[in-house]
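Here the structure is laid out as structure tokens; the discussion comes afterwards.
The values are calculated or read from the model by the stated rules, or taken from the named source; none is laboratory data. Values in this document were obtained by computation on a predicted structure and should not be read as measured data. Here the Cβ positions follow ideal geometry from the backbone for every residue, glycine too, while neighbour counts run over all protein chains shown.
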Amino acid sequence: AQSVTQLDSQVPVFEEAPVELRCNYSSSVSVYLFWYVQYPNQGLQLLLKYLSGSTLVKGINGFEAEFNKSQTSFHLRKPSVHISDTAEYFCAVDTPNTGNQFYFGTGTSLTVIP
Amino acid sequence: EAGVTQFPSHSVIEKGQTVTLRCDPISGHDNLYWYRRVMGKEIKFLLHFVKESKQDESGMPNNRFLAERTGGTYSTLKVQPAELEDSGVYFCASSQVHGQPQHFGDGTRLSIL
């Protein structure tokens, strides 16, 4: 079975500073990769996705992520965070050829400090 | 378009009672998924419907959980009888094509006392 690791459970960062949220996955087979964000009292919203093609993908709200196949990573980055980015972020992996489900990490709680 | 809607948003029941959660997927989405997040842990897959058929129910914890999707539209997830360890947030998601991004609802927070 697939496993997804988000090593940082909580990440505090000052406003306008850069941030990187790490995600590693275990599968060596073909994968689709996603980052979702959950704002307080809301559902999961898709930030960005990697299905194929360019390994650098850009999402909403200025976020981007880079797929690194050799390191089985899909880290999320933003060069300058805003207070409104405070939320929980989930990395998810889909192995479309071998199953039906998304595998999620445990989530990273990002807190932007004014 | 309307998103995935879940009802209720919160449910507090006592151990041994029955609870039914409902999910309305995005119109036209044949694929419907249920997930659960127990506090502090990862979001875990429960099952996947394609239209009214259960494609994969390997994540269902035990036979106290019953999911249905009659007519291939909305789905229900019933827990009977509820146990303390069933507490958590239950998410529903839908997609038009399997493998494409799943659209999630706001979740139902279930608390078993």
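The set of residues from the range A:38-74 being closer than 18 Å to A:PRO18 by Cβ, without any contact (Cβ under 8 Å) to a residue 12 or more places away in the chain and within 14 Å of chain B (Cβ to nearest Cβ) comprises just one member, A:VAL57.
Among the residues of the range A:75-114, the ones that are in a loop (DSSP other than H, G, I, E, B), more than 14 Å from chain B (Cβ to nearest Cβ) and closer than 24 Å to B:TYR90 by Cα come to 1 in all.
Filtering the range A:1-19 to residues that are of a type in the set (A, V, I, L, M) and under 27 Å from A:SER30 (Cα atoms) leaves A:ALA1, A:VAL4, A:LEU7.
Check whether at least one residue in the range B:49-58 is of a type in the set (A, V, I, L, M, F, W, C), modelled with pLDDT of 95 or more and farther than 23 Å from A:VAL37 by Cβ, and report yes or no. Taking every residue of the range B:49-58 in turn, none turns out to be of a type in the set (A, V, I, L, M, F, W, C), modelled with pLDDT of 95 or more and farther than 23 Å from A:VAL37 by Cβ. The strands (runs of 3 or more DSSP E) falling completely within the range B:14-113 that include 3 or more residues that are surrounded by 19 or more Cβ atoms within 10 Å (Cβ to Cβ) map to B:19-24, B:31-37, B:43-50, B:75-79, B:88-95, B:108-112. Of all residues in the range B:41-53, those that are more than 9 Å from every other protein chain (Cβ to nearest Cβ) and over 15 Å from B:LEU77 (Cα atoms) have Cβ atoms under 7 Å from Cβ atoms of residues that are small (Gly, Ala, Ser) and surrounded by fewer than 22 Cβ atoms within 10 Å (Cβ to Cβ), 6 or more apart or on another chain, in B:LYS51/B:GLY72. Scanning the range A:31-46 for residues that are closer than 15 Å to A:ASN61 by Cβ and either at pLDDT below 90 or out of contact with any strand residue (DSSP E or B) (no Cβ under 9 Å at 6 or more places or on another chain) (or both) yields a total of 1.
The residues of the range A:1-21 that are within 17 Å of A:VAL81 (Cβ to Cβ) and free of Cβ contacts under 8 Å to residues at least 60 places away in the same chain amount to a single one, A:GLU20. Scanning the range B:62-92 for residues that are in contact with a Pro (Cβ under 8 Å, 6 or more places away or on another chain) and within 13 Å of another protein chain (Cβ to nearest Cβ) returns a single hit, B:CYS92.
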